[in-house]
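This report concerns only the one structure given below.
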Amino acid sequence: MKEKKKYLINNAKERLYVNIGIGILILAFIIVILLILGSIDLSFIAPRTLRNFKKLAGNIALIGFTISFALFVVRRVMKLSFLKDFKKYIMVLAKYVRQFHAPIALVAGAFISLHAYFMLQHGFIMNTTYITGLSALILIGIQLIAGFFRYKRIGVKFHLILGIITMVLMVIHWLVA
């Protein structure tokens, strides 16, 4: 009899999506490291194009984290007692949101790392935008690591509370930028 392999993520489809998300995140980290080391030269790209990419990467990350945050919202809606007729539909929605929660957050983490590099390459400015952005970046790093512990049911509440705080910081950062 074959011994069944133990995985951190039991669902094979979700495991595949998470592995793709991890791959994209690692690729973004490699690009940032190569940019820091000067191995990649972006001087051929127009400054206006780079400026637009900085904003685009931040907006894509914000959209990704907002979609990922939808898992929290869907789970809260499921607990509302007056929606019993819709519970089966909400549970189907929750299944899909749950399956794509981590992969979308990982890809958003890749975009936020690119956004942070490009915004910080000229130095840190002591203002609300930079402080909230850097705080959110640090919390996102902790959040992504805490997300893997969540699969073993460790620190689920910590992951949830940290996610709420991170979203608040990101919204403030977006509003003051």
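Residue-wise test of (1) in a helix (DSSP H, G or I); (2) small (Gly, Ala, Ser); (3) under 26 Å from residue 19 (Cα atoms).
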{"residue": "112", "(1), (2), (3)": "yes, no, yes"}
{"residue": "116", "(1), (2), (3)": "yes, yes, yes"}
{"residue": "126", "(1), (2), (3)": "no, no, no"}
{"residue": "132", "(1), (2), (3)": "yes, no, no"}
{"residue": "140", "(1), (2), (3)": "yes, no, yes"}
{"residue": "145", "(1), (2), (3)": "yes, no, yes"}
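Go over the candidates 12, 94 one by one and state the one that is under 18 Å from residue 148 (Cβ atoms) and of a type in the set (A, V, I, L, M, F, W, C).
Numbers: 94 fails: under 18 Å from residue 148 (Cβ atoms).
The match here is 12.
Given 49, 66, which one is among the polar types (S, T, N, Q) and under 13 Å from residue 118 (Cα atoms)?
On the way: 66 fails: under 13 Å from residue 118 (Cα atoms).
The conditions single out 49.
Report whether or not residue 120 is closer than 27 Å to residue 23 by Cβ and surrounded by fewer than 20 Cβ atoms within 10 Å (Cβ to Cβ).
yes
A quick yes/no check of all residues on (1) surrounded by 17 or more Cβ atoms within 10 Å (Cβ to Cβ); (2) modelled with pLDDT of 90 or more; (3) of a type in the set (D, E, K, R):
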residue	(1), (2), (3)
75	no, no, yes
79	no, no, yes
101	yes, yes, no
129	no, yes, no
143	yes, yes, no
171	no, yes, no
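Quick check on my filter: what residues within region 145-159 are touching a residue at least 40 places away in the same chain (Cβ under 8 Å) and surrounded by 16 or more Cβ atoms within 10 Å (Cβ to Cβ)?
Result: 147, 148, 151.
Residue under question is residue 97, and the condition is that it be free of Cβ contacts under 8 Å to residues at least 12 places away in the same chain, among the hydrophobic types (A, V, I, L, M, F, W, C) and either assigned to a helix (DSSP H, G or I) or under 25 Å from residue 30 (Cα atoms) (or both); does it hold?
It is false that residue 97 is free of Cβ contacts under 8 Å to residues at least 12 places away in the same chain, among the hydrophobic types (A, V, I, L, M, F, W, C) and either assigned to a helix (DSSP H, G or I) or under 25 Å from residue 30 (Cα atoms) (or both).
Take residue 32 and decide whether it is among the β-branched types (Val, Ile, Thr), assigned to a helix (DSSP H, G or I) and closer than 22 Å to residue 147 by Cα. Reasoning before the result, please.
Details: among the β-branched types (Val, Ile, Thr): yes; assigned to a helix (DSSP H, G or I): yes; closer than 22 Å to residue 147 by Cα: no.
When the stated conditions are applied, residue 32 does not pass them.
The values are calculated or read from the model by the stated rules, or taken from the named source; none is laboratory data. In this text, all values refer to a predicted model and were calculated from it rather than measured experimentally. No Cβ is skipped: glycine too gets one built from the backbone with ideal geometry, and neighbour counts run over all protein chains shown.
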